[in-house]
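> So that we are looking at the same thing, I have put the structure below in structure tokens.
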Amino acid sequence: MSAPAATGVRSATRARIAARTLRTDRWWQTPLLTVVGLLVFIGYATVRSFVRSSYYVEDYHYLTPFYSPCVSESCVEGARHFGTWVGELPMWMPLAFLSLPFLLGFRLTCYYYRKAYYRSFWLAPAACAVAEPHARYTGETRLPLILQNAHRYFFYAGFVISLINTYDMVVAFRSPSGFGFGLGNVILLVNVILLWGYTLSCHSCRHVTGGRLKHFSKHPVRYRIWTLVSKLNTRHMQFAWITLGTLMITDFYIMLVASGTISDLRFVG
Ligand code: FES
């Protein structure tokens, strides 16, 4: 049986360079930082999603995004902003069981994160002019990576989840005396704005708003929206990273207030 044809960096048409790379700069720095950043977020989010404590501030209706929507009897009553849909959940199931799989799918299949983790975790390739360790390249043409094409559907789910986060943010403008807001509201608001920045700058959103049109001149409204989304789209990578940070900060602040470690800094009410 003949050996499979060499492809990718081992193909016959590539220069025969024994060294993995001739680059002398710190090309490994970006992939390394990406690995560290993503692992920190994954670790934090996993722990917080399962602990089931300090996720809701009763007085000010602050609900961390990691527990939203909270629709089971396992959630504290006030945190059920959308009512009670199911009974008690087993401990191994996160209280945000409805949104987490879709959020995970949305971020995992995101065009930017794909680039980030293909380069940093799979080293495929780790950087320009650095040979990748894999002998074959099949791209996203077969399982499991062909599932990346489902991103457009995860975008719709991500859009709905951003609406849910927006609702959680709005209902938090309440205090025991009626309307009120504090530092927690500011943090929730900033987080929601940036989550919308991430969601609306999605490449699929760009396609939804302006794709499949033959004549922009016949669709001025869609053209205008597409132009705005395209501007946001140039910042998608920044939104991808910033929102990982704001999600953790929002959750951490609510955890501190909910656990009584600090009190919310109140401006009104
Ligand atoms: Fe990143 Fe869609 S969310 S490309």
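> Using a cut-off of 17 Å between alpha-carbon atoms, which aspartates and glutamates can reach Lys231, once sequence neighbours fewer than 8 places away in the same chain are excluded?
In chain and number order, there are no partners.
> How would region 80-163 be classified by its alpha-carbon gyration tensor: rounded, prolate or oblate, with rounded meaning a/c under 1.5 and the a/b versus b/c comparison settling the rest?
prolate
> By residue number, which cysteines of the chain lack any other Cys whose Cβ falls under 4.7 Å from their Cβ?
Cys110, Cys128
> Within the chain, which DSSP H helices have Cα atoms that stretch 15 Å or more along the helix axis and a mean Kyte-Doolittle hydropathy of at least -1.0?
29-51, 151-171, 183-200, 220-233, 236-258
> So which chymotrypsin sites (Phe, Trp or Tyr not before Pro) in region 72-105 end up in coil per DSSP with only 10 or fewer other C-beta atoms within 10 Å?
Counting only loop positions with at most 10 other Cβ atoms within 10 Å, the chymotrypsin sites (Phe, Trp or Tyr not before Pro) in region 72-105 are Trp92.
> Per 0.36 nm of contour for each residue apart, how much would the distance between Leu89 and Trp27 grow if the chain were fully extended, relative to their Cα-Cα spacing?
Roughly 17.7 nm would be gained on extension.
> By what distance, in whole Å, do the Cα atoms of the chain stretch along each of the three principal axes, largest value first?
On the principal axes, the chain reaches 75, 50, 39 Å in Cα extent.
> Enumerate the amide H contacts of Ser74 below 5 Å, restricted to partners 5 or more residues apart or on another chain; note that Pro and chain-start residues carry no placed amide H.
HN-HN under 5 Å from Ser74: Leu89.
> Could you work out the relative contact order of the chain, using alpha carbon pairs under 8 angstrom and six or more residues apart, expressed as a whole percent?
Computed value for the chain: 24 percent relative contact order.
> With contacts defined as alpha carbon pairs under 8 Å and 6 or more residues apart, what's the relative contact order of region 28-104 in percent?
27
> Once you charge only the Cβ atoms, +1 for Lys and Arg and -1 for Asp and Glu, what is the size of the charge dipole of region 208-253 about its Cα centre, to the nearest 20 debye?
Roughly 500 debye for region 208-253.
> Another question, then. Just to verify a number: FRET efficiency for Arg52 and Arg114, C-beta to C-beta distance, R0 = 41 Å, to 0.05?
Result of the calculation: an efficiency of 0.85.
> Could you order the peptides 134-141, 32-39, 204-211 from most to least packed, using the average number of other C-beta atoms within 10 Å per residue?
My ranking of the peptides, most packed first, is 204-211, 32-39, 134-141.
Since every read-out is calculated from the coordinates, none of them should be taken as a lab result. Please read these numbers as outputs of a predicted model, since none were measured by experiment. As a convention, Cβ positions derive from the backbone with ideal geometry for all residues, glycine included, and neighbour counts pool all protein chains shown.
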